[in-house]
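Down below is the structure, laid out as structure tokens.
The values are calculated or read from the model by the stated rules, or taken from the named source; none is laboratory data. Worth saying up front: this structure is predicted, and the values here are computed from it rather than measured. Quick note on the areas: whole protein, heavy atoms, side chains included, nothing else; ligands and nucleic acids left out. Shrake-Rupley method; radii C 1.70, N 1.55, O 1.52, S 1.80 Å.
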Amino acid sequence: MKALTGIVLILLAGLAASIWIGFHTKLSEGTLPYDDDQRGISEQVVIKFSHVVAENTPKGLAAQRFADRVNQVSDGNIKVEVIPNGGLYSDQEELEALKRGDIQMIAPATTKLSSFSSKWQVLDLPYMMPTRDSIIEAVNGEIGETLLQSLEENNLKGLTLWTNGFKQLTTNDGPIVQPSDLKGQHLRIMPSHVLKKQFELVGAKAVGLDFNETYRLLESGKLNGEENTISNIYSKKFFDVQSNLTISNHGFLGYAVIMNEDFWSKLTNEQQTVISKALEETTRWNQKQSFEMNDEQLSLIEDNSSIDIHYLTNEEKRKWFERWQPVYLEFEEEIGKELMSKMIQLRNSHKDF
Ligand code: SIN
């Protein structure tokens with residue numbers, strides 16, 4: 001009996017050893033057992049798409065929708081990984097990281113591109129796009145095309161323009177109704193000469209700071225206020241640390257979706273087509289959804305927070321508009337007369353106050 005047990009044990013040990021050897025031989029020959037996730041992995045293109053806002057915002061949702069579409073249409077051969085909330089890089093860092101090739105895709109606020117080409121400043125001029133239709137006409141038409149093309153000089157591929165919506169004003173020292181109400185206030189703005197000048201004209205001290213620093217600085221009282229879209233005010237809870245919100249619709253926040261040109265040009269035609277088509281579909285969706293989202297989130301702020309809200313009347317808007325006219329003159333040269341005059345023509349055909 002002992003001898004039989006011994007033989008069985010030896011046979012079992014032999015079997016285990018041959019299974020182990022067989023498995024490792026397969027590994028070393030590179031013939032992994034089939035697994036869906038590994039299909040075509042060697043040719044898979046990974047696109048890291050970094051942005052600074054929350055997931056539940058016009059940009060956050062558009063980025064994820066684009067990623068899902070590309071992953072699905074390419075059958076996993078192009079994998080877009082979205083990193084929201086500045087999880088990898090802050091506003092300024094992400095531009096540098098894209099140029100270095102550490103990430104492959106970003107969608108910064110157009111304001112943040114004026115360091116590449118001063119033409120982008122045209123979108124920051126106050127009340128330059130007075131209605132939603134004027135925004136869509138500008139970004140989808142010749143003006144948007146000119147701006148995207150201006151990125152080529154910096155080895156960047158401008159792919160499309162997404163919208164967020166109109167910027168509003170918030171403060172802890174309100175209400176803000178007349179331009180003089182901002183006198184002496186410390187405000188956070190995106191880094192921009194146009195925005196700085198615009199707030200200087202009404203006696204405020206505006207500082208260009210990273211988006212994800214804003215809440216802390218407002219909460220600590222180091223800043224009085226800021227300007228942003230409702231979706232950013234809502235998703236980052238600025239309404240919790242501000243006492244007054246003015247619906248001024250005085251400025252535009254939108255995004256340029258960009259890739260590093262070297263990365264883009266190394267993609268095959270087929271891969272470029274998948275990306276372009278997914279972007280076309282996402283852009284159409286974003287340009288409708290973004291405005292709806294700002295409307296819905298304004299109702300949520302109204303219903304669920306104690307912030308005081310003032311809607312500027314047309315007469316009040318006219319006062320701000322007049323007060324800010326010098327900024328148009330000051331930046332006309334830098335922006336370029338031709339682009340400026342196209343924008344002003346567009347503005348005049350839509351101005352509703
Ligand atoms: C963003 O929407 O990407 C951020 C805008 C800001 O910096 O205020």
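Remarks
- In region 192-259, inverting the average of 1/r over every pair of distinct C-alpha atoms gives 13.3 Å as the Kirkwood radius.
- Phi angles of region 326-334 translate, via the Karplus equation with coefficients 6.51, -1.76, 1.60 and θ = phi - 60°, into HN-Hα couplings of x, 5, 4, 5, 4, 9, 4, 4, 4 Hz per residue; Gly and Pro are given as x.
- Entry note: the chain has Rg to Rh equal to 1.17, where both radii use alpha-carbon atoms and Rh is the Kirkwood radius.
- Heavy-atom accessible area per residue - the chain, 1.4 Å, Å²: 48
- Value of relative contact order over the chain, rounded to a whole percent, pairs C-alpha under 8 Å and six or more apart: 23
- Mean silhouette area of region 108-194, derived from the convex hull of its C-alpha atoms and averaged over all directions, reads 6.4 nm².
- Remark on V80: its backbone amide H falls under 5 Å from those of I47, N71, a criterion applied only to residues 5 or more positions apart or on other chains, H modelled at 1.01 Å from N.
- Karplus (6.51, -1.76, 1.60) ³J(HN,Hα), θ = phi - 60°, over region 178-195, in Hz, Gly and Pro reported as x: 9, x, 5, 5, 8, 4, x, 7, 9, 10, 8, 10, 6, x, 5, 5, 5, 5
- In Hz, Karplus ³J(HN,Hα) per residue of region 52-59 (6.51, -1.76, 1.60; θ = phi - 60°; x = Gly, Pro): 9, 9, 6, 5, 8, 9, x, 6
- Surface composition of region 189-245: carbon and sulfur make up 49 percent of the accessible area, probe 1.4 Å.
- From its DSSP helices (H runs of at least four residues, each -39,500 (n - 2.57)), the chain gives a residue-normalised ellipticity at 222 nm of -15000 deg cm²/dmol.
- Extension gain for R318-D102 works out to 73.2 nm (0.36 nm per residue, less the C-alpha to C-alpha distance).
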